Amino acid sequence: MASGKKARRAQALKKARRKKIAVISACALVIAAAALIIINSPRPGNDDRTDTAASITDFTAMSSTMAYAAINSIYENPAGHIGRTIRARGTYHPYSDPSMGQYYHYITLTDAPGCCPQILEFKLSGEPSRQDYPPQNALIEITGVFSSYEELGHTYYYWAVEDLITMN
Amino acid sequence: MTAMERLVYYFTFDFVRYAMTVGVLIALCSSLLGVTLVLKRFSFIGHGLSNVAFGTIAVATAANLTNNFFLVLPVTVISSVLLLRTGKSAKINGDAAIAMISVGALGIGYLILNLFPNTANLAGDVCATLFGSTSILTLTLTDVWLCAALSALVTAVFLLFYHKIFSVTFDEDFTAATGTRAKTYNLILAVIIAVIIVLAINLVGTLLISALVIFPALSAMRVFKSFLSVTVCSVIVSVVCAALGILISIFTGTPVGSTIVAAQIGGFGIFWIIGIITRR
């Protein structure tokens, strides 16, 4: 009788162990499938114009959280986004570097809590003067192409602005 | 653009897919252990360990480490083991030990960041780490793989040792008396909790991690009574609230961590009402 009980207990334990292994294997398969879907899904990039018919990533139509994350993803892999056109709205800030003898121009986009701004450098196309740019702290909307330039041996990324609108 | 078109458009961005995948996995893992922690009255261990992680992140930032994960994880694991293994013979009891380590790590961490600033926007970076405003949306593919692997490990360990975890949760002394190595399973729990805390920092930040652990378990307990049903319900609530929180956040521009917590509070309220109705 005791040996019968022992055998039944051993069988039950075996069954429970097989069930656990099956569940764990199922979880692993689900996670692997999810991972494959992530890797193989299309990504917006230089050649992937899934956003709009005009191929512009419009940050003004996104929430601030989404815009922050999208800009972050561009600067995580800047070389892969050269040629990408974006539209963004933010505050204009110039910076004068006396050692280089020129102005640098930035647009600041703030995220939801306002604690983590994204500061993007941009340049107007052509040969603009300082007067072609808006006043400091002006609210502006730019449409530009992601580009790069070399300076003092370093690569810098900026937005070559085709269209700048001063909102206030 | 309709809401559905906007949602489809947002999902073409890989960082949104990464955020949803990792968010769901973290919510799943944290809810599995949440039931155990609530029943063992260790609800605030998540808060304590997350502040330890914050302190470690501060040290890693000051030391200019490119990837702080490999410092944060072992330090948090060690702290978790020390906190959960102090037991009844400890000179400083469980809740006092958690409070001491929690505020100590938070204070020292912020002090280190101020003494050795390594970023132009210190306040912003601290805010993002504490509240997880956009961290989940800035993950790389490597981060996703790491989170997926650790989540799979946590889930596998929970499923493999489910019955032992159940025993240790409800009556540790009886479990030890029956010959089961309760201390070993407590150690396993401590390590899993630490792993989940380090993962969850990406989702909700260090200050809001306790919500991720507590609210799904408490919501499930309003309606269900058995350990298994509470655990399963807790997982479903946590995953749904995390997914909803991320979606609402990217649509409305609210911080991700706070939105997830708000969704969980809403879920708790709904289950509270269901509990009242079903008990009549």
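The values are calculated or read from the model by the stated rules, or taken from the named source; none is laboratory data. The shown structure was predicted, so the numbers you read here are calculated from the model rather than taken from an experiment. Here the Cβ positions follow ideal geometry from the backbone for every residue, glycine too, while neighbour counts run over all protein chains shown.
What to note about this one:
- Test for B:V168: is it surrounded by 19 or more Cβ atoms within 10 Å (Cβ to Cβ), more than 14 Å from every other protein chain (Cβ to nearest Cβ) and among the aliphatic types (A, V, I, L, M): yes
- Qualifying position, being of a type in the set (A, V, I, L, M), within 14 Å of chain A (Cβ to nearest Cβ) and within 19 Å of B:S210 (Cα to Cα), among B:V72, B:V22, B:V81, B:V8: B:V22
- A residue that is of a type in the set (S, T, N, Q), surrounded by 12 or more Cβ atoms within 10 Å (Cβ to Cβ) and in contact with a Gly (Cβ under 6 Å, 6 or more places away or on another chain) occurs somewhere in segment A:108-118.
- Some residue of segment B:217-238 being under 30 Å from A:P117 (Cβ atoms), buried (at least 23 other Cβ atoms within 10 Å of the Cβ) and out of contact with any strand residue (DSSP E or B) (no Cβ under 6 Å at 6 or more places or on another chain): no
- Any hit, segment B:86-98, residues being hydrophobic (A, V, I, L, M, F, W, C), touching a His at 6+ places or on another chain (Cβ under 9 Å), away from chain A (no Cβ under 14 Å) and on the phi < 0 side of the Ramachandran plot: yes
- Pairing each residue of segment B:58-70 that is farther than 13 Å from B:I108 by Cβ with any residue that is outside any loop (DSSP other than H, G, I, E, B) and among the β-branched types (V, I, T), provided the two are 6+ apart or on different chains, yields C-beta distances under 6 Å for B:N68/B:I57.
- Members of segment B:28-57 that are within 14 Å of another protein chain (Cβ to nearest Cβ), surrounded by 24 or more Cβ atoms within 10 Å (Cβ to Cβ) and over 29 Å from B:G107 (Cβ atoms): B:L32
- Residue count for segment B:55-77, restricted to those that are modelled with pLDDT under 85 and within 16 Å of the chain's Cα centre (by Cα): 1.
- When each of B:S31, B:S43 is tested for being polar (S, T, N, Q), touching a residue at least 12 places away in the same chain (Cβ under 8 Å), farther than 21 Å from A:A61 by Cβ and touching a Pro at 6+ places or on another chain (Cβ under 6 Å), the lone residue that passes is B:S31.
- Checked against (1) away from chain B (no Cβ under 14 Å); (2) of a type in the set (A, V, I, L, M, F, W, C); (3) surrounded by 14 or more Cβ atoms within 10 Å (Cβ to Cβ); (4) farther than 27 Å from B:F131 by Cα, A:M100 passes all but condition (3).
- Pair list, Cβ under 7 Å, 6 or more apart: segment B:249-260 residue more than 7 Å from chain A (Cβ to nearest Cβ) and over 13 Å from B:V204 (Cβ atoms), other residue part of a helix (DSSP H, G or I) and aliphatic (A, V, I, L, M): none
- Tallying residues that are in a helix (DSSP H, G or I) and closer than 24 Å to B:L139 by Cα within segment B:191-232 yields 19.
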